[in-house]
Structures are given as structure tokens and as C-alpha cells.
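What follows is one structure encoded as C-alpha cells, with my remarks underneath.
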Amino acid sequence: PKIVCPAIMVPVGTGILIAGANEMLTENNQIYDNWRYGAMLFFVEAYFRGEDDPAQQDDTSHYNKFLHNRMGIAPGGRALPNGTDFWWDEFLSNRGNCWYDNTGPGGTAAGITGPGDAGEIGLDVAGDLLLDGGASISTLAVEGDSKLGLQGTLDVLQELTGAESIRQLPTLKLFKIRMDLEMQGDTKSLSTEGVAEEPVELEGVPYDELDVAVVRATQGDLPVVSRPYAPAAAELGMTEAELLEHMAAMKERGILRRVAAILYHRRAGFSANGMGVWAVPEEKIAEFGPRMASFRGISHCYQRPTYEDWPYSIFTMAHGRSKEECDAILDAIAGEFAITQRATLYSSTEFKKIRLLYFTDDFKNWEAQHAGAA
């Protein structure tokens, strides 16, 4: 037989592949019996199409929609599942992609594998996870001039989704938010307590229109070029030195936390994560929180409010190369503190994970569309 090699490498066993496209709509399809992926979405840098402008490199893979598709079911009703229904490369500059109201072989969304969200494009939901046991936890942000406010936004989401109950879990104290993974170390190094640090200051600070303009011009990915801030400086009408000086001042004032490279921890081998939640007595939170955050395998550590049906006050996100390694990190923390009530929340589905973009019109548009808050 004659062997035909494609000019562009594509993953065999995939139903639909969308590479570097914007505003594509995949709706009302039956996608089934693909041993690798039902549908793939991934980012393509602009230089592959001959675009050399650094400011244009991340202008693809935005606002693609996967709506009302039947996954893993043949036209005659026979169940022919895909290896994974939806695959997305989670490129951090992507925005507005959504997977909504797709159903699996059982006729409900419960059988869907892959990412997705509530289908509400423009709402500032940075992450949305389905946890073992059926609960969902989302990271939600609203802008300071929101007409609805945080609780009003949650009320609208509850009405849209039919959720039985919603609990606000804002950060009361931030003990840690960074990755300190030891690439060459073993489980023991990830499970070892380090040096405790003071909580991060969370109080709001004033900012002006120039600060807002700087955020808009610099948020998102930086081009990999010798002068990555040149396009932003030109947009703002200042020199690169003036821009960097202003950003340093923003960091000093507490508006800007850091400028840093993002580690794709799953690609680096740390493919498992579990959220340890702890019922820490109020009088022990200030002592235990910084110490729990100091463990090398913990990337995030917060104090959050408790409720009658939710007693957990401290959250610790553990990262490891396996579920067993995450358990070992959290077990090591448990061995150091007298906490009798704790749990580990593992994600069964990651519906959405993006980097939020600030000071855009997306949230206002969402409020106007869904809540009449024009």
C-alpha cells in the first residue's frame, strides 16, 4: 500500500482540530469513536503564518465555543466514546473559550471529559473545578465598580446554573501564592517544612488612570524578544525605562505583585494536585498558616471563612508527580499540627483555567447581558 505523509503533523484519532483560530463555533454535532480526542483546541503563535510583529503573537485561539454537542454517541444511539471528549492546551493568554451544555453517552454533562465552563463568556471566572463528590469550586473576581457586586453576581450564577447552594470563600489571609517546586528533589523534599513568612498584605490601595493603562498594556504574555516591553511603552507614549520604573513603583505600592514566568507544572511532571482543607481553631490560624505555607510542595495557602456546613478555615494546594505524592505532602503537614478535622479535595474535571485580564469591558458586558446592570 502507498503511504501518504501529511505536510503538517496532526494527532491521529482526533475528530475536530482547531489550531490558532478565533470565534469558531462547534455546535450541535455528534462526535464519537475517536480513540484520541473528540475535539482539540490549541494556540498557534503568529510567526507561523508569517507575522513577525511581537504584539501580534498571541492574537489567536480566543472566543471559540463548543456548544450543545453530543459526545461519544453514534447517530443510531450506540455508545462509542472518545478517548477524551475535549482537549485544550490551556495557553494562558487565551480568553473567552467555552464548553457549554455538551452531553456524554449518558445524555448528561456528567460523562464529559475535558475542559469547559458555564458558557458565560466575559464573566471573570479564572478557574472552575468539579471535585470528587460532586461539588464545584470556582475562582471568581468582580470589578470594583460592579453594579451587582460579588454576592449579586453569585446570585445570578445560582439562578443560571440551578445550583442548590453557594458559599462565598474569599481570602481572609494570604499566606502563600507561588510555586517552589523542587525539580530534582524527591517526595521527602516536597514534604519538608521550610521557613515561615508573614502573610501577604491584602488591603486595597489607590491607583490612577496611568496605573490602569499600564496594566492593560502589559498584562498577558510577553513576546520572546530582546526588548519585550517596547510595544507596551510605545502604546503608552513613554520610554521603556520609564515604563519599567513605573512598574517597579506599582510593585512598591502594592498594586503589582510580581512579573514572573509561568511554569506549566503538568508539562514539567507535576501532574497531580490536591487541595487540603483544614479545620484550624481561630486562635491557631496565625501560627499554623505561615508554617503550613512553608512546605515546599504547597503553592497556595489561604485562610477562608467557615460556615455551619463548611468548617475548614485554611486551604493548602499541594502539587506532586502523583496523587500519592500529594497525599504524602498533606500527611506530612498533618503530622506536624494537632488538627483532627481535615479533607483533601481532588479535581475530577477542570472546566476552565485562564489568566484574568483586568480593566476590560468583558465583565460589564456580562452584567448587561445577564443581569440588566447596564
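The values are calculated or read from the model by the stated rules, or taken from the named source; none is laboratory data. Since the structure is predicted, the reported quantities are computational estimates derived from the model, not experimental observations. Every residue, glycine among them, receives a Cβ derived from its backbone with ideal geometry; neighbour counts consider all protein chains shown. Calculation scope for accessible area: heavy atoms of the full protein, side chains included, ligands and nucleic acids excluded. Shrake-Rupley method; radii C 1.70, N 1.55, O 1.52, S 1.80 Å.
Exactly one residue out of 198, 193, 240 is among the acidic types (Asp, Glu) and at pLDDT 95 or above: that is 240.
Within the stretch 59-88, which residues are of a type outside the set (A, V, I, L, M, F, W, C) and open to solvent by less than 20 Å² (accessible area, probe 1.4 Å)?
Initial filter on the stretch 59-88 (of a type outside the set (A, V, I, L, M, F, W, C)): 59-65, 68-70, 72, 75-78, 81-85.
Those that are of a type outside the set (A, V, I, L, M, F, W, C) and open to solvent by less than 20 Å² (accessible area, probe 1.4 Å): 60, 61, 62, 64, 69, 72, 82, 85.
Quick one: how many residues across the stretch 270-287 are over 20 Å from the mean Cα position of the chain (by Cα) and under 17 Å from residue 344 (Cβ atoms)? Working first, answer last.
From the stretch 270-287, those over 20 Å from the mean Cα position of the chain (by Cα) are 278-287; that's our starting set.
Applying the additional criterion that residues be under 17 Å from residue 344 (Cβ atoms) yields 278-280.
Within the stretch 270-287, residues that are over 20 Å from the mean Cα position of the chain (by Cα) and under 17 Å from residue 344 (Cβ atoms) number 3.
Would you say residue 297 is open to solvent by less than 30 Å² (accessible area, probe 1.4 Å), under 29 Å from residue 362 (Cα atoms) and within 22 Å of the chain's Cα centre (by Cα)? Spelling it out, it is not the case that residue 297 is open to solvent by less than 30 Å² (accessible area, probe 1.4 Å), under 29 Å from residue 362 (Cα atoms) and within 22 Å of the chain's Cα centre (by Cα).
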